[in-house]
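Here's the structure, in structure tokens; my notes come after.
Nothing in this text is a laboratory measurement; each read-out follows from the coordinates by a stated rule. Keep in mind it's a predicted model, so treat the numbers as computed, not measured. Neighbour counts are summed over all protein chains in view; Cβ atoms, including those assigned to glycine, are modelled from backbone coordinates with ideal geometry.
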Amino acid sequence: MNGPLSVVRGAVKRFLTEHPPGRVTVAVSGGADSLALAAVVGRLVPGSCAHVVDHGLQDGSAEVAARAARTCESFGLMTKVTRIEVTGTGGPEAAARRARYAALRPSEGVVLLGHTRDDQAETVLLGLGRGSGPRSVAGMRFFDAPWGRPLLEVSRSATRGACDELGVTPWEDPHNVDPAFTRVRLRHEVLPLLEDVLQGGVGAALARTAAQLREDCDALDALAEAFDGDRCAVADVEGLPVALRRRVLRRWLVAEGVPELSDSHLRRVDALVGSWRGQGGVWLPGGFVARRVHGRLKVEPVQS
């Protein structure tokens, strides 16, 4: 039977075969998931890099980053450490994620992230709880250039086992056991309870559900892209199935420069077509408003 390190290696090999990269960088936190990924990439792709991001949110973070960098160097990876400043709205998790992705975004090639099947299950549950639509419940993609997630079908226990095989001691982030974070409570309270009540396999089932939804979403997105009618003409879009119509409207709004559209925003714009009662405009992120005027949809900046 294959050991954990072999499981991780097989997942990375499959990813690299399906998505042949040019330059490969591994995002490393020092935790088990990213270290197991870095170790395998160091052996499979000579000349690859590791990029360690120090968020500076905890005492001793610089030492943690330096230790992770030394470990990656022992795997044969060229290593870079970047200290970032975490600021902005949306809470510390969201702010840290934005800053981290901005620092990691490469000028070329692919950045591999250590998200596992367990992370995917938590993401699906978060999306379900927030009611934020199928895109959210569909979870993370294996490849969404420049980001690659080769371990989405690998359990967290396998990455820990891989580190044991390697003789590597991963960093245990204290934030990962802090119940102030919703994801931590899902990990340590909700998922174990679901596993107990449903007699196991919940994490894998949620990951399968995400994969199925991604396939459906991709099919609908392709149909929306192929739509050759006038996206602003109510007569052209009102007869479309609702799921397809909303995607057509989303593409139109994004093309007009509207940022960070939520499911709620999109539903209100769609109501200008599917539930028209003469209502007023829909306020959108970025200082825009969408209106229906004489059978046509228009989006424009809010007049100050």
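Go through Val8, Thr87, Leu284 and say which Cα lies farthest out towards the positive end of the charge dipole of the chain; charges sit on Cβ, +1 for Lys and Arg, -1 for Asp and Glu. Value computed over the given set: Leu284.
Relative to the longest principal axis of the C-alpha atoms of the chain, give the angle of the C-alpha long axis of helix 32-44, reported between 0 and 90° and rounded to the nearest 10°. Here the helix axis deviates by roughly 80 degrees.
From the alpha carbon centroid of segment 271-304 to that of segment 63-84 is 50 Å. If the segment from Arg14 to Phe181 were pulled out straight at 0.36 nm per residue, it would be longer than the present Cα-Cα gap by 56.8 nm.
Taking the longest Cα principal axis of the chain as reference, the axis of helix 202-226 is set at about 40 degrees.
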